[in-house]
């Protein structure tokens, strides 16, 4: 796209959102191959907002308010292990204010209330399929689906949600690499996690898995990717869409050496890279409420002097800029 056309497209996105509020819906959608999926949907709206609870957070939204705008881009969000549709709610709000529709799913079997899939191959295989179910719903069954531009779909994922995103855009993991990692690095946090959950990811797979890819997704943002080592040896060769890659410099949950470094090395095209200095894995989660900090202090602890809220304002701007640029190319 020429520069003038790009700025026209950018102006249209901003104009759609200027002066608007954020609407919100929480829906449950059927999954033909599993339990119904809980999905949060944020979008530009003009109705008055009020403060409403969302898990352990509070957000200012117009619940079930009418959608403002047409030909709106859509961003899908995949959370990490033990998370929920609320895990990145602040980024969803920021995207909606900027003129995007956002759909975040609570992954079956790997969320704050249900860890039955955690540490198991089923979690890795089923997550991208669940994303496809959500995307099908948003483009065909959501009552406001005609206001979405089906040619402008992006995806955001953090931690295991980043893995989910990389598979959705064409990545093909090699599940045997989990056992190989745990032989060479038996103290790796990933190995400890699998053992603690009594998972099967260190055992030989009984059959070749089917990985769900979705060519409708045109751009992706991945933050602190977990199990990135599964893509070693050409597993991301099939990724052709632009990627923005974020990593925490002191990631103790998904160490850079065999996670984000592998993703960076294996992507066919150099991603838009961002490194957040001196922070750990959970920095990409929404700034913690008092209730969440009390319930799960480990995911809320940042280095002295680091302001997660201020960082997220910068982070969200960069994510919005990336999606605005890449999804408006024509």
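Please treat every number below as a calculation from the coordinates, not as lab data. Remember, predicted model here, so these are calculated numbers, not experimental data. In this analysis, Cβ positions are derived from the backbone assuming ideal geometry, glycine residues included, and neighbour counts consider all displayed protein chains.
With an 8 Å cut-off on Cα pairs and a minimum separation of 6 or more residues, tell me the relative contact order of the range 177-330 in percent.
Normalised by residue count, the contact order of the range 177-330 is 20 percent.
Springs join every pair of Cα atoms under 10 Å in this Gaussian network model of the chain, and among 243, 22, 67 the largest mean-square fluctuation is at 67. Relative contact order of the chain: 16 percent, from C-alpha pairs under 8 Å at least 6 residues apart in sequence. Taking the helices alone, the chain has a mean residue ellipticity at 222 nm of -9000 deg cm²/dmol, built from -39,500 (n - 2.57) per DSSP H run of at least 4 residues and averaged over all its residues. Percent of Cα pairs in the range 125-212 per distance bin of 10 Å, from zero to the largest separation: 14, 36, 29, 13, 7, 0.
If you run the Gaussian network model on the chain, springs between alpha carbon atoms under 10 Å, then out of 203, 151, 266 the most flexible one is 203. Quick one, which of (i) 0.98; (ii) 0.95; (iii) 1.21 is the actual Rg/Rh (Cα atoms, Kirkwood Rh) calculated for this model? Comparing each candidate, only (ii) matches the computed number.
If you wrap the range 202-330's Cα atoms in a convex hull and average its projection over all directions, what's the area in nm²?
So the Cα hull casts an average projection of 10.2 nm².
Distance between the modelled labels on residue 261 and residue 210, one decimal in nanometres: 3.7 nm (7 Å Cα→Cβ projection).
Share of pairwise Cα-Cα distances greater than 14 Å in the range 262-330 is 69 percent (whole percent). When the Gaussian network model of the chain links Cα atoms closer than 10 Å, the mean-square fluctuations of 240, 84, 207 top out at 207. Between helix 308-327 and the chain there is an angle of about 80 degrees, using the helix long axis and the longest principal axis of the Cα atoms. For the range 53-157, the Cα-based Rg and Dmax, in that order, read 14.3, 41 Å. Using a cutoff of 8 angstrom between alpha carbon atoms and counting only pairs six or more residues apart, the relative contact order for the range 64-188 works out to 34 percent. The distance from the alpha carbon centre of the range 223-295 to that of the range 105-142 is 20 Å, rounded to a whole number.
Among beta bridges from DSSP that stay inside the range 3-327, the antiparallel ones total about 40%.
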